[in-house]
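Here the structure comes first, spelled out in C-alpha cells, and everything after it is commentary.
What follows is calculated from the coordinates using simple rules that are stated; it is not laboratory data. Note that the structure is a prediction, hence the values are computed from the model and not measured. Neighbour counts run over all protein chains shown; Cβ positions are idealised from the backbone, glycine included.
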Amino acid sequence: MTMEQILAQIRSFSGVLELAPQEGSGHPEISWGDHFFYYAPDGEVPHNRQPYATIVTKNYPNDEDSRLDEPGRWRVNVHAGTQLFTELLGYPPRSVDPSTIDFAEADVFIPHPLYGSLGWVAVVEPGERTTPRLLEVLRDAHLADRRRVERRSALRDTE
C-alpha cells in the first residue's frame, strides 16, 4: 500500500485532525512533508498531548536507524500501548533491547526507535505483510485517543 493510500484511510476516521507541515507553514523545516494525527473534532491542533500516529519521510535527530533519508523510504509510527505492542511484537515495551532490532527492516512491526519503550510501534515501508494489521492498529490508536479526549472532556464538564 502506498503512503497516499494509508493517508486516505487515516483521513477517513471520524474526528481526525491531520497536521501536515509544509514550507511556509510556520512549523520547523524538519517536519515539512511529514504527517501527524490527532483525534480533534473541533479542528484545533491539541497543545496538551502528542499525536497518536505519525508518518515520517526523513531522519530526525537521534533517529537515523530506519535510514529514512534513503530515496523512497518512510515510516508509520503508532502509539499502540502496552497490550497491543506486546501482541504485535511478542514482548512488552519496557523490555525493548535496541541492540537486537534492525530498525531499517521494511514491512515488519518494530518498536519505534526512540519511543518503543513507551508503547510506540513502527513499520518502515508498509507492504503486504503489515498493511492490513497496521490499518487496524491505526484505527485502534485513533479510537483510544478519542476515548481519552472524551473522558477528559467529561471530567472538565463535571468540575
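Scanning the range 1-58 for residues that are in contact with a strand residue (DSSP E or B) (Cβ under 9 Å, 6 or more places away or on another chain), among the hydrophobic types (A, V, I, L, M, F, W, C) and without any contact (Cβ under 8 Å) to a residue 40 or more places away in the chain turns up Leu17, Leu19, Ala20, Ile30, Phe36, Val45, Val56. Residues in the range 126-159 that are surrounded by fewer than 19 Cβ atoms within 10 Å (Cβ to Cβ) and either among the β-branched types (Val, Ile, Thr) or assigned to a loop (DSSP other than H, G, I, E, B) (or both): Gly127, Glu128, Arg129, Thr131, Val149, Thr158, Glu159.
So, Gly81, is that one farther than 19 Å from Pro132 by Cβ, surrounded by fewer than 16 Cβ atoms within 10 Å (Cβ to Cβ) and either in contact with a helix residue (DSSP H, G or I) (Cβ under 9 Å, 6 or more places away or on another chain) or without any contact (Cβ under 8 Å) to a residue 60 or more places away in the chain (or both) or not?
Values: farther than 19 Å from Pro132 by Cβ: yes; surrounded by fewer than 16 Cβ atoms within 10 Å (Cβ to Cβ): no; either in contact with a helix residue (DSSP H, G or I) (Cβ under 9 Å, 6 or more places away or on another chain) or without any contact (Cβ under 8 Å) to a residue 60 or more places away in the chain (or both): yes.
Spelling it out, it is not the case that Gly81 is farther than 19 Å from Pro132 by Cβ, surrounded by fewer than 16 Cβ atoms within 10 Å (Cβ to Cβ) and either in contact with a helix residue (DSSP H, G or I) (Cβ under 9 Å, 6 or more places away or on another chain) or without any contact (Cβ under 8 Å) to a residue 60 or more places away in the chain (or both).
Within the option set Pro111, Pro51, being of a type outside the set (Asp, Glu), on the phi < 0 side of the Ramachandran plot and in contact with a helix residue (DSSP H, G or I) (Cβ under 7 Å, 6 or more places away or on another chain) holds for one residue only, Pro111. Residues that are without any contact (Cβ under 8 Å) to a residue 40 or more places away in the chain and within 13 Å of Phe85 (Cβ to Cβ) within the range 117-142 comprise Ser117, Leu118, listed in sequence order.
Filter the range 1-30 for residues that are outside any loop (DSSP other than H, G, I, E, B) and among the β-branched types (Val, Ile, Thr); which is surrounded by the fewest Cβ atoms within 10 Å (Cβ to Cβ)?
Residues of the range 1-30 that are outside any loop (DSSP other than H, G, I, E, B), as a first pass: 3-11, 16-19, 29-30.
When the remaining residues are screened for being among the β-branched types (Val, Ile, Thr), the result is 6, 10, 16, 30.
Values: Ile6: 21, Ile10: 20, Val16: 19, Ile30: 13.
It comes out as Ile30.
Kindly check whether there is at least one residue in the range 76-98 that is more than 30 Å from Arg147 (Cβ to Cβ), outside any loop (DSSP other than H, G, I, E, B) and of a type outside the set (Lys, Arg). Yes, the range 76-98 contains at least one residue that is more than 30 Å from Arg147 (Cβ to Cβ), outside any loop (DSSP other than H, G, I, E, B) and of a type outside the set (Lys, Arg). Confirm whether Leu114 is more than 20 Å from Ala20 (Cβ to Cβ), touching a residue at least 12 places away in the same chain (Cβ under 8 Å) and either over 15 Å from the mean Cα position of the chain (by Cα) or not in a loop (DSSP other than H, G, I, E, B) (or both). Answer is no for this residue. Across the range 31-52, the qualifying residues are those that are closer than 10 Å to Asp145 by Cβ and touching a Phe, Trp or Tyr at 6+ places or on another chain (Cβ under 8 Å), and the one among them that is surrounded by the fewest Cβ atoms within 10 Å (Cβ to Cβ) is Arg49.
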